[in-house]
Structure formats: C-alpha cells, structure tokens
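Let me begin by presenting the structure, written as structure tokens, before commenting on it.
None of the figures in this text is laboratory data; all of them are computed from the coordinates on show. Quantities reported herein were computed from a predicted structural model and do not represent experimental measurements. Quick reminder, even Gly has a Cβ in these numbers, built from the backbone with ideal geometry, and neighbours come from all protein chains shown.
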Amino acid sequence: MSREAVIVAGARTAIGTAFKGTLVDTDAFELGTAAVAEAVRRSGLEPELVDDVVIGESLYGGGAIARYVAIEAGLVNAPGIAHNRHCASGLSAVQTASASVLAGMDRVVIAGGAQSSSTSPKASRRIPGTDEWDERWLAPSHRGTPDAPIDDMGITVGWNTAVRAKLTRADMDEWALRSHARAIAGIDAGSFVDEIVPIEVTRRDGSTLTFAVDEHPRRTTTLEKLASLKPLHPEIEGFSITAGNASGVNDAAAAVVITDGDLARDRGLQPLAVVRSWASVGVPPVETGLAPSPAIRKALGRAGLAVGDVKLWEINEAFASVAVAATRELGLDEDTVNVLGSGCSLGHPIATTGTRMILTLAHELRRRGGGIGVAAMCAGGGMGSAVVIEVP
C-alpha cells in the first residue's frame with residue numbers, strides 16, 4: 001500500500017476581531033499553544049511520538065514560534081519551524097508536514113498557524129546608504145510599484161483582481177453579504193463547534209471569560225449597509241473595494257495532526273481527511289488575487305482530478321473579488337464555495353487561515369458524507385496555494 005499523509009485530529013481557537021475583540025491581549029504564542037495542545041490531545045497520541053511542529057507565521061517578527069509552542073504544549077522532544085508564505089502560511093505548513101510524512105522522514109507532524117494581529121510587533125531598520133532609520137518598515141514581498149504597492153493590498157490584490165476579472169461593486173458586496181449570512185448560519189447550527197477549542201481569556205480588569213465563538217461575522221449586515229460604505233481609495237475612479245467586501249483583521253490559531261496512514265491504522269485512528277495533493281504558484285504581483293486558480297489547477301492535476309470531482313471549495317476571501325474571480329474563472333457552483341463563510345465574515349487571521357480552511361473543509365465534508373475538497377488562497381507578492389483533501 002502506498003504511503004498516505006492523513007489528518008487525524010485538529011483544533012482551532014475561535015477567531016477574534018483584532019484591536020477591539022476578545023483576543024486583543026492574547027498573543028500568538030498563547031494562541032498557538034492552545035491550538036497545538038488541543039490537537040494533540042484530540043489525536044490521542046503520546047507527545048513523544050510527535051516528530052516535528054510546523055507553524056505558519058506572518059508579520060509577527062520572525063523567530064521560531066513553533067519551537068516555543070512545542071515546548072509549551074508539552075512536546076519538548078519535537079523541534080519546530082516557523083513557516084512564512086504570507087497569507088498562505090498556515091496552508092503551506094500543512095503541505096510541508098504532509099511532505100515529510102509522505103517522504104517517510106517523519107510519522108507524526110503538527111501543522112498549523114498562529115496570528116495575533118492585535119499584538120504584532122512593528123519593525124524598523126536603517127535605511128541603506130544613510131544613517132536614518134525607517135521606524136515603520138515592512139519586509140517587502142516584492143519591489144513595490146504604483147499598481148502593486150507592498151503596503152496596500154486593497155490596490156494590489158482587491159482592486160487589481162476586480163479590474164482584471166471585470167467585477168462590479170455589486171458583485172463583491174453581494175458575495176460579502178452571503179459570506180456573513182453563511183457564517184452566522186454555521187454558528188447557529190453549531191457547525192464550528194467540533195473545530196474550536198474554548199480558551200479562557202483574562203481581561204484587563206482581571207475578569208475572565210471563555211471564548212468559543214467566532215466574533216467577526218455580523219448579523220446586522222445588509223446589502224444597503226455594504227453599499228453605503230466609502231471605497232478605500234475614492235481618489236481612484238471607479239474604485240470598488242471597501243471595508244465591507246474585504247477580509248477582517250483578526251486573531252486566532254489552528255493546528256492539525258498529520259500522521260502516516262499506517263500509523264493511523266495501527267492505532268485505530270479515524271482520519272479526518274487524507275491529504276491528496278497540493279501546489280503553490282507564482283504570478284506577477286499585480287495579479288496576486290488571481291493566483292488561486294492556477295494553484296488549484298496544478299494541485300488537481302497532481303491528484304489526477306478535475307474541477308468536477310470536487311464537492312466543496314474553500315477559497316479565501318482576502319477580498320471578495322478573489323473568491324468571485326476564481327469561482328467564475330473555474331466555472332464553480334457558488335453553492336459549493338465557502339459554504340460557511342470566509343475572510344469577509346469569519347475574518348482572516350493571516351498565518352492561521354490556511355489551516356482553519358482545511359479544518360472547516362474536513363468537518364463539513366464529513367457532515368455531507370465525505371468527498372473531495374479543495375482549500376486555496378492567494379498570498380502577498382504574487383503567490384497562490386492550494387491543497388486537495390479527501391474525506392473517506
């Protein structure tokens with residue numbers, strides 16, 4: 001029997017709204033520890049069996065957050081590596097962990113992502129050729145240009161995608177509204193309960209609360225409210241990107257336990273999903289928001305599958321334009337895309353989102369009797385990434 005990489009357990013925190021939400025004072029290290037520890041607990045595997053921990057991080061100052069989390073989660077014998085593919089960091093962590101298992105190098109690897117936008121550090125550096133310091137330096141994913149600035153994804157991703165895919169403001173606002181409606185319906189139906197590990201949060205006044213429900217989706221959002229929002233760049237003629245059809249800024253962590261298929265069978269573990277294939281691609285930075293489509297095609301091709309073989313899709317709404325463009329380009333049924341919401345509603349805790357999508361996809365496919373699912377997203381600097389899973 002050929003080797004398989006299977007996801008046997010997973011957990012995520014509920015998603016907080018950055019700077020004003022419940023997790024405003026909970027850093028990425030604490031969030032990551034909660035998700036990893038619970039994922040391992042749910043797997044039932046002994047901590048000493050974990051070979052490695054791969055944690056996505058983005059805009060959090062670098063360092064090996066995965067090693068810190070491993071130690072805090074009681075996985076002292078497992079090393080750790082921080083993964084950064086910007087928005088796709090959590091998705092790439094799953095890919096790297098799966099690759100190590102499929103190569104026969106490791107048998108149990110934890111993959112995930114942790115993001116605390118509320119507590120992200122600010123970087124500074126000396127400006128080359130001078131003695132001056134740039135006190136708000138952002139590590140570039142590409143050389144910025146007017147049509148693809150490195151510090152304004154509203155233009156680089158949202159707007160460029162809308163223009164190239166010929167999307168209207170109404171196209172994006174309607175998608176965002178449905179995203180909120182689906183997320184709220186999922187919350188009310190308990191669809192996220194099996195994913196989420198409740199965490200105790202201490203507030204500044206010393207009181208504590210249990211945080212277990214995603215807080216970013218808005219019940220009161222209407223098409224009229226979305227249409228009333230001002231565009232992010234009113235000085236650009238026809239600019240149609242707003243805070244309403246863009247993803248949120250958020251805090252959360254997620255983790256999955258990936259094992260060799262033989263080990264899972266020997267231990268009697270019921271897989272959440274089998275990782276069938278994955279792919280990442282590069283495109284010109286001005287086309288960043290269009291990158292999910294070629295990544296999806298490449299990943300499906302590697303698995304010997306076609307678009308029609310896929311039951312459910314998770315295409316991250318970094319901006320609504322990204323999901324709408326991919327859905328139309330690939331000819332997808334909108335009723336199979338982001339059925340429980342996505343970035344516009346649930347939010348987009350950058351390094352976490354990819355792993356969160358895998359977890360949501362696996363659980364929803366299981367509720368629907370199994371099948372093939374694809375999680376895909378764009379990432380800063382002109383990158384796209386996709387993972388194909390199968391739920392037995």
Practice item. Using all C-alpha to C-alpha distances in the stretch 237-306, build P(r) with 10 Å bins and read off the rounded percent in each one. Key: 14, 23, 35, 19, 7, 2, 0
Study note, to complete from the structure: For 298-306, 17-25, 142-150, ranked highest to lowest by mean beta-carbon neighbours within 10 Å, the order is 17-25, 298-306, 142-150
Revision key, fill the gap. Computed over the stretch 267-392, the distribution of all Cα-Cα distances in 5 Å bins, rounded to whole %, is 2, 12, 23, 26, 21, 10, 3, 2, 0, 0
Review point. Just how large is the dipole of the stretch 220-355 about the Cα centre, in debye to the nearest 20, putting +1 at every Lys and Arg Cβ and -1 at every Asp and Glu Cβ?
Key: 280
Study note, to complete from the structure: Over 32 Å (Cα to Cα) among Lys166/Lys225; Lys20/Lys298; Lys166/Lys298 -> Lys20/Lys298
Check your understanding: Considering the Cα trace of the stretch 88-162, what is its radius of gyration and what is Dmax, both in angstroms?
Key -> 18.1, 50
Practice item. Once you have the Kirkwood Rh of the stretch 1-100 from its Cα pairs, apply Stokes-Einstein at 25 °C and 0.890 mPa s and quote D in µm²/s. Key: 172
Exercise for review: Would you calculate, for the chain, the mean residue ellipticity at 222 nm contributed by helices, counting each DSSP H stretch of 4 or more residues as -39,500 (n - 2.57) and dividing by all residues, to the nearest 500?
Suggested key: -9000 deg cm²/dmol
Review point. Taking the C-alpha atoms of the stretch 339-392, how large are the radius of gyration and the largest Cα-Cα span, Dmax, in Å?
Key: 11.8, 37
Practice item. Do me a favour and compute the ellipsoid semi-axes for the stretch 97-139 from its Cα gyration tensor, root of five times each eigenvalue, largest one first, whole Å. Key: 39, 16, 6
Review point. Binned at 10 Å from 0, what are the whole-percent values of the Cα-Cα distance distribution for the chain, short to long?
Key: 5, 25, 35, 25, 9, 1, 0
Check your understanding: Span-like helices, the chain: DSSP H, alpha-carbon axial extent 15 Å or more, mean Kyte-Doolittle -0.5 or greater, which ones?
Key -> 28-43, 89-102, 169-189, 292-303, 320-330, 353-367
Check your understanding: How big is the stretch 196-288 by Rg and Dmax over its Cα atoms, in Å?
Key -> 21.5, 62
Revision key, fill the gap. Projected convex hull area of the stretch 198-239, Cα atoms, direction-averaged, in nm², equals 5.5
